[in-house]
1. So which of A:G49, A:G18, A:G56, A:G87 is under 19 Å from the mean Cα position of the chain (by Cα) and either among the small types (G, A, S) or at pLDDT below 85 (or both)?
2. For segment A:290-316, name all the residues that are more than 9 Å from every other protein chain (Cβ to nearest Cβ) and hydroxyl-bearing (S, T, Y).
3. If a residue counts only when it is within 14 Å of chain B (Cβ to nearest Cβ), which helices (runs of 4 or more DSSP H) contained entirely in segment A:159-241 have at least 3 such residues?
4. Just wondering, is there one or more residues in segment A:159-167 that are surrounded by fewer than 19 Cβ atoms within 10 Å (Cβ to Cβ) and either among the hydroxyl-bearing types (S, T, Y) or touching a His at 6+ places or on another chain (Cβ under 8 Å) (or both)?
5. Just checking, how many residues over segment B:367-411 are under 23 Å from B:E154 (Cα atoms), basic (K, R) and either without any contact (Cβ under 8 Å) to a residue 24 or more places away in the chain or in contact with a helix residue (DSSP H, G or I) (Cβ under 8 Å, 6 or more places away or on another chain) (or both)?
6. Restricting to segment A:128-158, what's the tally of residues that are out of contact with any Asp or Glu (no Cβ under 9 Å at 6 or more places or on another chain) and not in a helix (DSSP H, G or I)?
7. B:F407: outside any helix (DSSP H, G or I) and within 22 Å of the chain's Cα centre (by Cα), yes or no?
8. Across segment B:216-226, which residue is surrounded by the fewest Cβ atoms within 10 Å (Cβ to Cβ) among those that are touching a residue at least 12 places away in the same chain (Cβ under 8 Å) and over 25 Å from the mean Cα position of the chain (by Cα)?
Amino acid sequence: MVRIETRRGRLIIDDLFGKRYEWTVEPRYWRNPIIAFLAWLVMPLVVYGVYTSAFGVVPVALLSTLVFANVLSMMTLSLGFQSIGTGRLNFGPHFFLALGGYTAALLNVNYGLNPAITLIAAFAIGAIVGLGLSPITIISRGVYFVLFTLILPLVLYQVAYWRSDIFGAETGIPGVDALFLTGDLILDLFLFLYTSLAIATIIMLIYDKVLRSKYGLLMGAVNEDEELARMYGVNAPFIKVVIFTFTSGAMAVAGWFLAHYQGSFAGPAWLTPEMLALILLTSTLAGKGAIYGQVIAAYIIVILREVLRSTSGELGLAALYIIMLVLLFVLPEGFWGLYRKRRYREYYPTIKVRKREVL
Amino acid sequence: MNRTKWVLAVVLVAMAILLAGCQQPTQPPKGATTPIPGEKEPIKVCGLFDSRIPVFKINMEGIKVAAEMINEQGGILGRPVEVIFEDTQKKVDVAVTAYRKAVIEHGCEIILMEGVSEEVYAVAEEGAKLYPKYPHILIAANAGMETNIKVINEYDKYKFYFKALHPDAGQGLQIAYDVVPPVAELVGTKKVALWIEEAAWTECMRKGCSFDTKFGKSEVKSIKEMLEEQGYEVVHYADIAVGEKNFLPYLEAAKASGAGVIMVVSSWYTDTVTLAKQWSTSGANDIQIVLWGGPHQMSAYWKMTGNAALGIIAPYFSYPELPPVSPLTEEFEKKWCAKGGEAGCPTIEQSTHHYISELFRIKEAMEKVGSTEDIDAVIKAMEETMFTSHTVISPQDCYFGRKDMYFHSYPWHPAYSLGQYQCGGKVVYVNDKEIARDHGYSEEVIKELHPEAYKNPAELREICK
């Protein structure tokens, strides 16, 4: 039986396959996320409509930019979630992107596997490698963790050149099947755009759901003070291994998408310090622990990059980095902080430990 | 207003201004009904380059000068040429975005693109989708061999793409037959040290390769095998890692092996400036070193190396030494060198010559077809015509229509271009005259070749003190 308990603001299903479910239906908890999601969903169509009617041409550059914003969102969502759950900042997220891209490209080109299978394979390889590397989240921290993750992309970069017969070195692996090939370029572009948006949304919803659950509380505990969390019985190593493994797989999905979007994949093009800087800056400017903020930051930064590229010539990149540096200074809580200040109830759970003052 | 609001407001206003500013004059896509293309409507040429990289900046300048020259001649069938540059930031995703913008938003019919393989692969795939609705011609000055095979095997899909360079597999043949033998003969040696940059573009040169195409099977042996077949002894062989900075161990090994020539199959990935400096002060500095691709093609290399390039042999394409391969070589020289004013001719690199020449080839093809809009016919004309106005390559060596692995790319490297840096950075072309003659270069070009002026690097150091 479905009923609404108005006093508690809950929607309740009493007996669904023998279980009882209840959800909060109070608007303040779901109104803004739904509005934001709808805005995200319709934005490409609005951009398309307004631009086309105003200038008489299809805004392919802007739409392509939004596709990349979604790819960047996939990366930063996973990086942000990983940082919360492991208490470590990964300096090699693009390693997993390249891993996914290579997996998809090699399986598709050499074995003819279709994108649905290469998606599973890319996630699986990313997750397996993530699982293999996950002990570093337990045994190392600080500069050692940073160096370890920083070196991983460099290793893959060198391997790509060493085995150029497999990885194609700087030229990469061409001839990867496109996800969509309808014959209508604009339709294809929209299909890629909404597919990437759907992937980013799924990743975001999974992370959001976890962070709002009791596991989110445990992750918060590990993030705040790992030793203290362990003292209270939290299995911190297990949490870190699971989080690192899953997020590594999710990052590999971004590489899978790129390979099937561009029809080729060249690891060295993505294993660059610039790519790392873009991911880290986006993640940081999103706001600490801000899952929704990751998408907002990715969109702002990628659109800004495109605008500066179109207007500022060779100074475009320098201007982008300067603006981001300034924003790091003036927005210590990132873009999400601007919103969160006014919506304190939507703070993620954290444990505050206050030391008792010794009198 | 609190600080965060101010920040937000400033960011939003800045973005709004930039967004407003980013809209550039555009042309509706083909098939749109409103503007009927008149004869005066410009032909748009889009250049996709990362303008932060010096060599690409030179490419961009060259394209601008070529467009000016075409416009001074009355344009192409009365239509002026307008050049629009899009920044690729040397990133695959940005290059694809810029390419889409160039074709759809700017309405460019001709796209000249930086020769970065990973970008060209992605862009060529995109071009295959764009071409049916937005016919255009895409020319890149380099890309992996795979792009050649695509055009051969799936012609209708990829016919819009041309590579203004020789394919990777062909470069091995050129080095093995036209570069090492004449230099070894000048030196008087049969012992060669062979160093090859370890990258995808050299894989065929390192390991040999074969391709199955619609034109049949092409097999190319490794450079080492080809040299040994000709009676040369490869006494030292090394794969040089991309980004290598320490060449001293290789130089010492080459010296110990008794090599008379060091052939370095390099590109812009190899730091040939550092290599020149280390070679000039090493124990191997009396061994003749020959470089392939990279900055040594430009007059600026002499200064970049602090004169350490003395004695080095490398393909060289800068004015005023460049021989008059075609009337366009000299016409362009006048314009180009005028830009430098009193400082002399600005430095220029091989790919710049390819871009400017290709613009003139397209002009010629459009004029032959009598239309600037029938791109299919223009492509056919580009394939069928012997282009005689390339600034650095003979007609037979830049012919796009060969029915083999060279289809839609250059069959051969300029067979006159081996220059030796001599006293004061003056470059002397030391190629074998017969090889240049075989490749169809005129006697005016042959006249500029002086193999007899070749000097050993050690001898040059004595003379130029």
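1. A:G87
2. A:Y292, A:Y299
3. A:164-167, A:185-212
4. The answer is no, given that none of the residues of segment A:159-167 is surrounded by fewer than 19 Cβ atoms within 10 Å (Cβ to Cβ) and either among the hydroxyl-bearing types (S, T, Y) or touching a His at 6+ places or on another chain (Cβ under 8 Å) (or both).
5. 2
6. 3
7. Here the answer is yes, as B:F407 does meet what is asked.
8. Residue satisfying both the conditions and the ranking: B:G216.
The values are calculated or read from the model by the stated rules, or taken from the named source; none is laboratory data. Given the structure is predicted, the values throughout are model-derived calculations rather than measurements. With ideal geometry, Cβ positions are generated from the backbone for all residues, glycine too; neighbour counts draw on all protein chains shown.
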